[in-house]
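To start, the structure itself, in structure tokens.
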Amino acid sequence: MNIILGKKWLPAAIVIIAGLLVFWRIDTRGINEWDEARNGVNAYEMYHSGDFINMSYAGAPDTWNAKPPLLTWLIVGSYRLLGFNAFALRLPAALSILGFFLYALRFGRRIADNGTVLLSCFILLSCTAVLGIHTGLTGDFDALLLFFLLAAAYHFICYTDFGEPNAIYLTALFTGLAFYAKGPAALVYIPGYILYGSIRTGGIKWLKDYRIWVAVSIVLLFICSWILLVIIYGHGPGASHYGSSNAIETMLVYDTWQRLTSTGFEGGQVRNYMFFFEALDVRFNLWNYVFYATVAAGLYQLARHSKAAWIFLKSPENRMLLYSICIILPIALLLTFARYKYDWYLAPAFFFIAYILSAGIGYCLRRWIIGRVIFALLLGFTLLRQGWYINGQSSNAGGLISRDAETLEDSVGIVTIGVIRQDVYLRLTWTGYHIAAIRPAQLSEHRASMLVVDSANLTQEVLQHLQASQPLVGYCTGVVQ
């Protein structure tokens with residue numbers, strides 16, 4: 001294994017491959033209709049309004065997105081540097097993923113077995129765990145969250161195991177930034193920290209360290225600062241989608257508590273006790289079977305030699321295995337019993353899952369030459385398939401709108417019949433034209449040279465109004481599929 005993973009150039013290769021994958025076709029891949037497109041519109045309208053506290057969508061208060069605005073601020077800054085385009089929208093997430101891998105490599109240099117960390121990084125590059133939709137490939141909250149959480153986790157173990165008492169303050173700082181990235185999701189590592197710290201120190205005496213409570217105060221300061229900003233500068237959402245009175249209530253009560261507990265949230269979901277395994281199957285694909293085999297072998301050894309296995313886990317050279325287990329278990333349990341979840345909700349556990357399965361792979365690589373051959377083939381196949389997957393992402397409305405560029409240039413504004421898809425709306429806002437959403441009966445009321453965009457199948461009623469509305473340019477067939 002040292003022969004394979006002892007090369008000094010491998011960390012640089014990981015960062016280069018990560019950069020190639022995350023930036024490949026970053027400006028031409030289709031924009032996702034929901035969170036990504038909405039983030040883009042939120043940032044576009046914040047850019048023009050100068051209101052850096054309140055989110056808006058289509059010129060009205062955004063009653064869906066009540067998360068703290070760090071990602072939106074970064075996208076606004078990216079827009080200022082690069083203009084209104086997909087590259088600018090996704091740049092903060094792309095850079096966050098590079099930061100994620102840099103911190104992962106720091107684990108290998110300081111905390112964990114370096115070969116196992118290198119294997120973990122290669123595995124994460126070869127699947128959609130962190131380089132997928134809603135994580136590193138789109139302008140979503142999760143890439144920023146992953147970077148801050150992994151940085152916080154690194155500094156926490158420096159505090160517990162490496163005699164760096166002030167490192168806990170960096171854990172607090174990155175946790176606070178994670179809150180500004182995705183709200184309460186920033187706290188998902190806290191149970192794992194408590195579990196690991198208690199096991200490593202043989203109790204809860206470590207919680208009496210005043211630095212811990214200073215760190216807790218720092219995190220609370222971040223949370224309270226956002227609450228205070230909303231109280232002072234926040235606008236009531238009006239007719240909120242969730243029925244809440246402000247962004248804090250939406251974020252804490254509806255978007256967090258009800259999402260986890262309510263059967264009626266967003267139409268409700270049946271509680272899925274197989275969620276953890278299904279999420280791994282979606283995000284890790286072939287590698288999830290290696291994870292199961294590693295866990296099964298570990299449980300078998302634990303059953304046979306429980307005392308020796310416990311000593312093995314608590315030994316300093318295996319601290320990362322114990323740390324990974326402590327981080328994964330609370331997250332897996334929470335999401336297993338939560339009512340409403342998606343596979344990317346498990347993303348904060350992915351690095352630690354990759355580390356455990358890489359430990360199993362490393363065991364095989366050290367003992368069997370055939371294992372090295374199988375691993376090389378599997379890694380090569382999955383890396384190629386990951387590149388194929390990224391390259392194959394559709395361009396959706398972006399290319400179609402480009403096709404209709406001449407028609408757009410001849411228009412002084414855009415009229416949409418009803419509510420259009422969010423990704424289409426984002427692309428149209430980037431053109432800089434005024435956009436108005438109307439009912440078909442209102443078509444004839446609009447001024448000359450306005451482009452009409454339909455959001456659904458044309459009905460006979462809409463066609464009649466289009467034919468009768470001489471001042472309008474007409475129907476733009478390309479924008480809506």
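The values are calculated or read from the model by the stated rules, or taken from the named source; none is laboratory data. Keep in mind it's a predicted model, so treat the numbers as computed, not measured. FYI the Cβ positions are ideal-geometry reconstructions off the backbone, even for glycines, and counts take in every protein chain you see.
Pick from Arg29, Arg38, Arg80: which is free of Cβ contacts under 8 Å to residues at least 60 places away in the same chain and either assigned by TED's automatic domain parsing to the domain that holds Gly115 or touching a Pro at 6+ places or on another chain (Cβ under 8 Å) (or both)?
After ruling out the rest, the residue left standing is Arg80.
List every residue pair whose Cβ atoms lie under 7 Å apart, where the two residues are 6 or more positions apart in sequence or sit on different chains, the first residue falls within region 220-236 and is closer than 21 Å to Ser56 by Cβ and assigned by TED's automatic domain parsing to the domain that holds Ala185, and the second residue, located anywhere, is surrounded by fewer than 16 Cβ atoms within 10 Å (Cβ to Cβ) and of a type outside the set (A, V, I, L, M).
Gly236/Ser245
Among the helices (runs of 4 or more DSSP H) contained in region 69-148, which hold 1 or more residues that are under 19 Å from Leu321 (Cα atoms), of a type in the set (S, T, N, Q) and in contact with a helix residue (DSSP H, G or I) (Cβ under 8 Å, 6 or more places away or on another chain)?
Filter on region 69-148 gives 114-125.
Which pairs turn up if I take residues in region 51-67 that are in a strand (DSSP E or B) and look for partners that are modelled with pLDDT under 90 with beta carbon separation below 8 Å, at least 6 apart in sequence or on another chain?
Here the result reads Ser56/Asp62; Tyr57/Trp64; Tyr57/Asn65; Ala60/Gly238; Pro61/His235; Pro61/Gly236; Pro61/Pro237; Pro61/Gly238, each pair linking region 51-67 to a residue that is modelled with pLDDT under 90.
Just give me the residues in region 353-381 being among the charged types (D, E, K, R) and loosely packed, with under 15 Cβ neighbours inside 10 Å, in sequence order.
Within region 353-381, Arg366, Arg367 meet the criteria.
Mind checking whether some residue in region 20-33 is assigned to a helix (DSSP H, G or I), of a type in the set (Lys, Arg) and buried (at least 17 other Cβ atoms within 10 Å of the Cβ)?
no
Filter region 160-188 down to the residues that are among the hydroxyl-bearing types (Ser, Thr, Tyr) and surrounded by fewer than 24 Cβ atoms within 10 Å (Cβ to Cβ), then identify the one that is nearest to the chain's Cα centre (by Cα).
Among those that are among the hydroxyl-bearing types (Ser, Thr, Tyr) and surrounded by fewer than 24 Cβ atoms within 10 Å (Cβ to Cβ), it is Tyr180.
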